[in-house]
1. Of A:ALA145, A:PHE63, A:PRO53, whose Cα points farthest to the positive end of the dipole of the stretch A:8-204 (charges on the beta-carbon: +1 Lys, Arg; -1 Asp, Glu; origin at the Cα centre)?
2. Between copies, how far does the label point of A:LYS561 sit from its twins, in nm, shortest first, when each point is 7 Å from Cα along Cα→Cβ?
3. Can you tell me the accessible area per residue over the stretch A:148-192, all protein chains present, probe 1.4 angstrom, in square angstrom?
4. Among B:LEU111, B:ALA206, B:GLY516, flag the residue with its Cα farthest along the positive direction of the charge dipole of chain B, charges on Cβ as +1 for Lys/Arg and -1 for Asp/Glu.
5. How many nanometers, to one decimal and shortest first, lie between the label point of B:ASN222 and those of its other copies, if labels sit 7 Å from Cα toward Cβ?
6. Skipping prolines and chain starts, which residues have an amide H placed within reach, meaning under 5 Å, of the one on A:TRP588, given they are 5 or more residues away or on another chain?
7. Over the stretch B:436-608, what per residue volume does the convex hull of the Cα atoms give, in whole Å³?
8. What is chain B's relative contact order, in percent, from Cα pairs under 8 angstrom and six or more apart in sequence?
There are 2 protein chains.
Amino acid sequence: MMYGYAGRILHIDLTKGSTKVIRLRRSVVKAYVGGKGFGARFLYDLAVPRVDPLSPSNPLMFFTGPITATGAPASARDVVVTKSPKSGTFLDSNSGGFWGCWLKIAGYDGLIITGRAGRLSYIYIHDGDVEIRDASSLKGYGVYATTEALIEEVGDKDAKVAAIGPAGENLVKLAGIVNDLHHVHARGGPGAVMGSKNLKAIVISADKRKPRFELADPEGFNEYNKKIIKEVVMGPPEEWARTDGTPIIVRWSNDVGVLPTHNFQYGVFDHVDEIDAEVLRRYRTSKAACYRCSIACRNLTRIKDDKWGEIVLDGPEYETIAMGGSNTGLSDFKAIIAWNNLVDDLGMDTISLGNVTALAMEAYERGYINKDDLDGLELRFGDADAQMELAKMIAYRRGVGDILAEGAREFVAWLGGDAYKMAMETKGLEYPAYDPRGSIGMALAYATADRGACHLRAWPIAAEAFGDMDPFTTEGKAKLVIEMQDLNAVKWSMVFCDFLDADYEMITNYFNYATGLDYKPSDMQLVGERINNLIRLFNVREGFSRKDDYIPYRVAYEEAKKGPNKGFRVKPEMFSRMLDEYYQLRGWDREGVPRKGKLRKLGLSKDAGKVNIVSVKY
Amino acid sequence: MMYGYAGRILHIDLTKGSTKVIRLRRSVVKAYVGGKGFGARFLYDLAVPRVDPLSPSNPLMFFTGPITATGAPASARDVVVTKSPKSGTFLDSNSGGFWGCWLKIAGYDGLIITGRAGRLSYIYIHDGDVEIRDASSLKGYGVYATTEALIEEVGDKDAKVAAIGPAGENLVKLAGIVNDLHHVHARGGPGAVMGSKNLKAIVISADKRKPRFELADPEGFNEYNKKIIKEVVMGPPEEWARTDGTPIIVRWSNDVGVLPTHNFQYGVFDHVDEIDAEVLRRYRTSKAACYRCSIACRNLTRIKDDKWGEIVLDGPEYETIAMGGSNTGLSDFKAIIAWNNLVDDLGMDTISLGNVTALAMEAYERGYINKDDLDGLELRFGDADAQMELAKMIAYRRGVGDILAEGAREFVAWLGGDAYKMAMETKGLEYPAYDPRGSIGMALAYATADRGACHLRAWPIAAEAFGDMDPFTTEGKAKLVIEMQDLNAVKWSMVFCDFLDADYEMITNYFNYATGLDYKPSDMQLVGERINNLIRLFNVREGFSRKDDYIPYRVAYEEAKKGPNKGFRVKPEMFSRMLDEYYQLRGWDREGVPRKGKLRKLGLSKDAGKVNIVSVKY
């Protein structure tokens, strides 16, 4: 018995149609904890260097962690790990809801999926059994219809479904994997990887009264959990989440001038009053929680009118409101709800989609593309109908949508000339909704995030524009970003959600109660550092180095035009200084390659070899 | 007027359905000559770093050179250039026949194709016009039927067709682009790139009596050409080509123990008597030549029996006989002809296909895969029917064929365990038909070839096992490989065929007569070096470095088991020594990155910058 874990990982090969169970090794648990950490280890070991992310041999993996489905706050989560078709990096994308909990309750810490099914299929996990079933009849179905049809088909109303929509089937690189209707493993294109495997969905039936795992000290765990719920969840740290959830950030961001507006041309939005949390409350029917989560950050909303009909949504979150609202110039909150609802059904990442939509709008305004290129579409900022139509063009790869389906980087390359100045991305992953020109640490966070521009690896704006640090100077930012990245690597390995305000002590306590191990917070910090270094080794193996840790032209050369940050830009020399310091503090060389000494301390020496067939097995 | 060139490059965007003509710049001509050189320059400038090779923004380009279609020997050729979906490197693949000549006669030095057509299409170039036409009705057609149908459709019996078969449509990474029925731009998967653009074929009508280009000194050119034809082509250097063509090499290779046999497990084939040039002669109906070529190396063959029916083939060449004959254990020459005929029609590279077929056979023999994984196929060495069936499984991506369609590297990764020991590849491109364990220079040639394991970048075996140099020692090999690589870069830029025994002097003379420029052989040598360095910069930008310049496990650790090289292997330390010397002589650092000083001398300093959006435009 390995407390805290089911102890088993399920390997499904869709080409052979075979399944086998791999025992979880204790050494892997100790070094990598779970979730993202497991993914880092398995991807490094299983993916052949330079594998095409959409080829059958790229493994698509899902992992839970030692606190998943335990009733700890913010613990109803799983992580998908694969090589990203968007950035070509290591990719982990996590998602809340119920599905991940069901996977663990059913007796698996993880799923590893390789190969490709001969026809569109779905996997059904139930009663200790695994079936690969035909899903041909679901071809082209949206996420909602797929979910409904599969729950019906397996005959278990309580079955949980993770599925792709048309975007994933069409290998759109903005495609996510959607579980429980509105929870999305969104960033980095995991839906395209699932689509490339001819896998429409994974359905899990499990009896939540009989979870197939045990905790080492259930009583201690529960007592500690009660304390945390009382002191943290119900206390001031989580008040924002309990009341408004992430939409509250719309106002915060606009106030400090980092709210992406018109493809990051501005950091303040004239119509912010029409898209903030107060507006959301008008459409809110209730708050909601993921499986056994005491925070209940989610907003259920409903609109009904002649234009949109009736829509019941789980959302929208801050990133969706900003990227598909202010960034595309859309101030009609009902339209944002409708867009969110459409995009979840098509199965895409609202962040990257909002980003490339705004980019295409700017390209249209500047004359790079015209109506003829867009099947007659007049793609102007703020036009809800055009924004909805473009989402479909991308999901179905129609016309210019086929290029946008590849992402911002590929779109500007296709446009040619000076178009690259408009692309907001790092490593091919589109910027999310914080403009670094109001919090310089974010520039470093995006540039060094493992999967490309991501705000969930480090969120220094919390200490900068939203806190006490100077948002315009580089001092201390490298250290801060590293600390946040290592802590988050552990959070995504446990697998906690972002919204638990957890430090190493809290995480370690949960870990020890669950597993029976006796870790110290410093041990856990080392786990975080180990995971980030192993992932960096993976990315280095794939050819990434300093040249890929960049900031977009706009951030570097165009000064903020409006708002409190007016006149500020992240000068390349400032950015370079932060990056130098970051590498140095990380123990990486000037090109961003981990040094031997650092790897030795982390027990990763053997992973540092040159990766070629002569010197290292692959 | 730019003598020797049409002066125009045609850019076709399949997403927009637009075409435009780019004037060829004199500076590009001077620095890069044509063909491969042009491709190196354009790919570096047009491809966004890390672009997915199968995405619409990866440019697919065809180039001719200053002597194309001039009646010079071995000048009926074009080069396709793109980012390879097989290796992820720069890719150039050239092909003979007529199509490339027609492109230049029609008035274009090159085609640049970007975007992706909304439905399966073909491009028709004729009378100074360009059309993008519907090819939906050709979906799934083989190359032969496609070629026939399009010649019929355009109503010009003399139209030339370059097309993809089912393999290209199915994005098989072994897919080539086939022109004039049996001439294949084969290596590195250009057919998959064409398939990803929904482009079935490019058809050209042109009036060969009115070529749309002029030579600077037609009389001087013709006089010099006559002299070369008399002294070189009709003399001893080309005798092998005029009489037997490449199949003569089967015997040479077996004699020196480098003939790949049973997936490179052996270097001699017990049944070599059944597959050599003498056997070929039995089936030969005539010799044949590409457009205005005086060498006429090609063998037209014909078989007719109950098993195979009647087959009329242009081939097989040495590489096909070795990779699809001895390497797969097939000693039935008629079966080799039938396989060649099938593979051309499906539109695949016989080298990579023969390699992965043999690999799959070894995997079958060793129990990694079994009948159940192969739809009942018993995949044994020497079984012609199994070999034919597997080719179809790969082209149509059926079952395990779907994995093999990705290549050797991905297949062994999917098998897992020790399977990597069987993979014969570098940078993901499969080894061609010379075992380096009988000519150590070939190990370096394969490891450092720009597009992955290729024998057409340097062919040191000519000086080693087939010449006077010691094939088992490293001395002088790095220098030899570099010299050959630079010379070949110029040959593929002119664009000459491999079979003209040309030195810098001859090439320069042709170049000067054609263009009116006054180059010295040393200028031309510098062009070759410039092209190879620019390509290295491209590959470095994509993340390639020393770790990717490797030799397969089998070459490094398994001694040759039979024949004259018995007991020999390319020890890693010997290989490393050659590689060190190679980098040093190249002026590259220990990781294989060109040093600034070298780049300055070649006029490439501005290409050496870090490639990121802050410091360099993309």
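The values are calculated or read from the model by the stated rules, or taken from the named source; none is laboratory data. From a predicted model like this one, the values you see are computed outputs, not experimental measurements. Positions of Cβ are generated from backbone atoms using ideal geometry, with glycine treated the same way; all protein chains shown enter the neighbour counts. Just the protein is used for accessible areas: all its heavy atoms, side chains included, with ligands, DNA and RNA removed. Shrake-Rupley method; radii C 1.70, N 1.55, O 1.52, S 1.80 Å.
1. So the residue we want is A:PRO53.
2. So the label point of A:LYS561 gives 7.1 nm to the other copies.
3. Heavy-atom accessible area per residue stands at 28 Å².
4. B:GLY516
5. 10.1
6. The answer is A:ARG595.
7. 116 Å³
8. 16 percent.
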